[in-house]
1. Based on DSSP H runs of at least 4 residues, each adding -39500 (n - 2.57), what is the mean residue ellipticity at 222 nm of the chain after dividing by all its residues, to the nearest 500 deg cm²/dmol?
2. Order these peptides, 131-139, 69-77, 10-18, by their mean beta-carbon neighbour count within 10 angstrom, highest first.
3. Just the number please: accessible area per residue for the chain, 1.4 Å probe, all protein chains included, in Å².
4. At a 1.4 Å probe radius, carbon and sulfur cover how many percent of the accessible area of the chain?
5. Students often forget the sequence filter, so: which lysines lie under 22 Å Cα-Cα from Lys145 once same-chain residues fewer than 8 apart are removed?
6. Helix 105-114 sits at what angle to the longest principal axis of the chain, using alpha carbons and giving 0 to 90 degrees rounded to 10?
7. Once you order the gyration tensor axes a ≥ b ≥ c over the Cα atoms, which shape class does the range 1-85 get: rounded for a/c under 1.5, otherwise prolate or oblate by comparing a/b with b/c?
8. Filter the chymotrypsin sites (Phe, Trp or Tyr not before Pro) in the range 2-73 to those in DSSP coil with at most 16 other Cβ atoms within 10 Å of their Cβ, and list the result.
Amino acid sequence: GEVLKEINIQTKGQAAIVSDVGQHQMIACRYAEFNESKSNITSGGLGTMGFGLPAAIGAKMAAPEREVISISGDGGYQMTIQELGTIFQTKAAVKVVVLNNDFLGMVRQWQQLFFDKRYASTEMVNPDFVAIAKGYHLNAKRVTKREELASAVEEMIASKEPYFLEVC
């Protein structure tokens, strides 16, 4: 919620928010401010992990004048991480935010609530997402402390180029 609150402040609620599938989808839909129509881009309940990044590229292509921010979790992001190549090739100024909790969060939540905490295959061992984004020549930053969040989001929004922000 804090990440979306900061995005709301920096964009004055004018950004198109594209959410992937998972816990972050619920967070984005709950906390994002939508002060303009056609700003909440989500699969609803019928999408698959990985929806967010390619959908954000499409949204940016459709409305290049809008600030388009993709909100993904670390699991869903890895489903379509290769789309950073599309962003690099097209120079689409998509802002990519990954909320990284090192888990397939929603799957783990269901295992916790409905499967007697029998956890299986939900803990993630992630690559260095910032290094991968930089490998595609994108500006990138990782936030690990709350006090770094506001300035990192401000830098991301101020950028006129594609930007990757990982929030741990």
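1. On the way: 8 runs with 73 residues, N = 168.
Result for the chain: -12500 deg cm²/dmol, rounded to the nearest 500.
2. On the way: 131-139: 16.1, 69-77: 28.3, 10-18: 20.1.
So the order, starting with the most tightly packed, is 69-77, 10-18, 131-139.
3. Values: 8730 Å² over 168 residues.
Solvent-accessible surface per residue comes out at 52 Å².
4. Working: 4730 of 8730 Å².
The value for the chain is 54 percent carbon and sulfur by accessible area.
5. Lys5, Lys95, Lys134
6. 30 degrees
7. Details: a/c = 1.69, a/b = 1.24, b/c = 1.36.
Because a/c hits 1.5 or more and a/b fails to exceed b/c, the range 1-85 counts as oblate.
8. Details: sites: Tyr31, Phe34, Phe51; in loops: Phe34, Phe51.
For chymotrypsin sites (Phe, Trp or Tyr not before Pro) across the range 2-73 that sit outside H, G, I, E and B with at most 16 neighbouring Cβ atoms in 10 Å, the list reads Phe34.
The values are calculated or read from the model by the stated rules, or taken from the named source; none is laboratory data. This is a predicted model, so every value here is computed, not measured. Here Cβ is always computed from backbone atoms with ideal geometry, including for glycine, and neighbour counts include all displayed protein chains. With ligands, DNA and RNA removed, areas are computed over all heavy atoms of the protein, side chains included. Shrake-Rupley method; radii C 1.70, N 1.55, O 1.52, S 1.80 Å.
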